[in-house]
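Contents: one structure, followed by commentary.
The values are calculated or read from the model by the stated rules, or taken from the named source; none is laboratory data. From a predicted model like this one, the values you see are computed outputs, not experimental measurements. Glycine also receives a Cβ, built like all others from the backbone with ideal geometry; neighbour counts cover every protein chain displayed.
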Amino acid sequence: MNQSVRAQFDVLKELVVVDEEIRKLDADLVKEREALEGTKQELERVREQIEVERHRYDDIEADRGARMQEARVLNSQLERSRDKLNRARNEKELQAVQRELEETRKLLRDVEDAVGKRALELEELKKSIIDHEEQEATMVARIGETEGAVSARLSEIQGLRDERAGVRAGIAKKLPTTTLRKYDQIRTRRNPAAAPLVLEGGRCKSCNMAIPPQMAQRIARIDVLEQCPSCNRFLFVDGPGSSPPASPSAPPNSPGAS
Ligand SMILES: [Zn+2]
């Protein structure tokens, strides 16, 4: 057994644990932020909808006003035509005025229909706006209630994460710089970045691939730090390793071991 390799194995084992803790805390931070963000975005959408509906309401109301004005004009036109009807001097004039009356009435009916339709549209829109305003109020209340709790949770998680990061730094500095650099590089793609060697069968515990027997034996004897040829993770031996049982030496931690 190589003592420096033994030490690196132990450090890697600790690093894997603390890195997993940090990864979970980071995921929690993201989740907490996203939950609040989601409600805020939903609120933004509802507010935009209300804005659009209010504009539409104003447009329709203006159009209804214009149509009502049109109806007033047509009504006074009718009035005038009726007067003319009374003053018609012959059949020809009478027929002409009657045609005029007919046409004006038809126009008036169309305009009044349009005014009625606009009134219905306004009613529908008003209901929709009220619905959306209620949704808005509910969301504002929900955000108000959760924002305090969420930011408290965020700073709690952040505190835990900072504490773990400190612990991690302490562990990481025990690794040779090149090993740590490589470990961090692996960690950008694989989690965890190191895996125990499964002594029975000589497999990588993370990717489950068989390690070439000679390499596996050297790792098992804690002679060398190697990466899994399949997933690139550092392989460590969790525990005393499989040094040949013939070795008469005492366990490394017992007093008296040199
Ligand atoms: Zn592997």
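Just to be sure, is A195 away from the ligand (no atom under 11 Å from the Cβ) and modelled with pLDDT of 95 or more? Spelling it out, it is not the case that A195 is away from the ligand (no atom under 11 Å from the Cβ) and modelled with pLDDT of 95 or more.
Somewhere in segment 218-228, is a residue within 19 Å of E21 (Cα to Cα) and within 16 Å of the ligand (Cβ to nearest atom)? Explain how you work it out, then say what you get.
Of segment 218-228, the ones within 19 Å of E21 (Cα to Cα) are none.
No: zero hits.
Tell me, please, whether a residue that is free of Cβ contacts under 8 Å to residues at least 12 places away in the same chain, within 16 Å of the ligand (Cβ to nearest atom), assigned to a loop (DSSP other than H, G, I, E, B) and not polar (S, T, N, Q) can be found in segment 201-208. Yes, segment 201-208 contains a residue that is free of Cβ contacts under 8 Å to residues at least 12 places away in the same chain, within 16 Å of the ligand (Cβ to nearest atom), assigned to a loop (DSSP other than H, G, I, E, B) and not polar (S, T, N, Q). The residues listed here are R164, R118, R67; of these, the one that is closer than 30 Å to A7 by Cβ and surrounded by 16 or more Cβ atoms within 10 Å (Cβ to Cβ) is R164.
Within segment 161-179, the set of residues being assigned to a helix (DSSP H, G or I) and of a type outside the set (V, I, T) comprises R161, D162, E163, R164, A165, G166, R168, A169, G170, A172.
Scan segment 79-101 residue by residue and report those that are buried (at least 16 other Cβ atoms within 10 Å of the Cβ) and hydrophobic (A, V, I, L, M, F, W, C). Matches in segment 79-101: V97, L101. Of all residue pairs spaced 6 or more apart or on separate chains, those with beta-carbon atoms under 7 Å, a first member in segment 24-52 that is in the same structural domain as A137 (by TED's automatic domain parsing) and a second member that is among the hydroxyl-bearing types (S, T, Y) are L36/T146.
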